[in-house]
């Protein structure tokens, strides 16, 4: 495929074919469903998807139905990257022995199966250098099992295991930085993306698949149930996360960081928070100090990314 043809410049370039079929049981307004649909539109040929247990898995494969138009493997919560590694190597060996091409392999998991319970398997796959793309759809909690806090849950967010009340004001800890954890393994490509910016996201999926080595994309995927907002607000929230600098959009390719969506005049963080009931307590006077802490985290992260981009180095 030519360089000009492999990237999507306008929505007219997006393939009409859906490898992620409608009729699945994911919630109306599910950000993860949009993330999967867009990613599969960016595939370039024979592709195997390895899907960890989670919202996407349980809602797309209820026997005897399947939403998947490409070979798909359901694996345990913690081992998507390990199983994907085995498929990569099996494909490579079969291609060498029997001829033909290898498959692209995409490992897909939520933030619980990536930031926490699947981190060991992910680290092993990245260290060994298997040619696979790992996509984490991040809805910032364990949504499938009851909206428990995860390593991706931000400071101050209310979940069923970090409830906002008189004892604690939501989660106390900061969110992990998944991209930097992945980059510590010296992989050729890692990026963030948001479903509010589909062309950027799809181009990153294609770029990641074409790299010779393991790659990772961390895609922001709002959850109407866990975040407590109307289903019609999913894309608006995903966009506000970018426009407030809450979720910066950038990529690190061969060691160089590039911010893809520049936000020179950010909107107030409150515009993102006020649409979600999980953050309503932060807008009360008694929790102003937590809100200010979250704002500092957001601005510190943005400033650090700017400095890294200017210096031409990876985190």
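Computed from the coordinates by the stated procedures, all read-outs in this text should not be read as laboratory data. Keep in mind that what you see is a predicted model, and the values were worked out from it rather than measured. Here the Cβ is made from the backbone with ideal geometry for all residues, glycine too, and neighbour counts use every protein chain on show.
General remarks:
- One way to sum up the overall shape of the chain is the equivalent ellipsoid from its Cα gyration tensor, whose semi-axes run 31, 22, 19 Å, largest first.
- For the range 10-84, taking the reciprocal of the average inverse distance between every pair of different Cα atoms yields a Kirkwood hydrodynamic radius of 13.1 Å.
- Label point at residue 289 placed 7 Å out along Cα→Cβ; residues across the range 134-172 whose backbone nitrogen lies under 17 Å: 155-157, 165-172
- With the simple spin-label model, which puts each label point 7 Å out from Cα in the Cβ direction, the residue 232 to residue 161 separation comes to 3.5 nm.
- Residue order, fewest to most surrounding Cβ atoms within 10 angstrom, among 246, 201: 246, 201
- The range 139-154-the range 288-307 distance, computed between alpha-carbon centres (Å): 21 Å
- For the range 101-116, the residues whose amide N sits under 19 Å from a probe point set 7 Å from the Cα of residue 168 along the beta carbon direction are 111-113, 115-116.
- Going from the fewest other Cβ atoms within 10 Å to the most, the residues 176, 171 appear in the order 176, 171.
- Per principal axis, descending, Cα span of the range 240-307 in whole Å: 44, 20, 19
- For the range 42-93 versus the range 199-258, the gap between their alpha-carbon centres in whole angstrom: 20 Å
- Between 0 and 90°, nearest 10: helix 80-98 axis offset from the chain longest Cα axis: 20 degrees
- For the chain, the longest principal axis of the C-alpha atoms and the axis of helix 198-210 are separated by about 40°.
- Residue order, fewest to most surrounding Cβ atoms within 10 angstrom, among 91, 221: 91, 221
- Shape analysis of the range 1-125 yields a ratio of the Cα radius of gyration to the Kirkwood radius, Rg/Rh, of 0.98.
- Using alpha-carbon coordinates, inclination of helix 119-128 to the longest axis of the chain, degrees: 40 degrees
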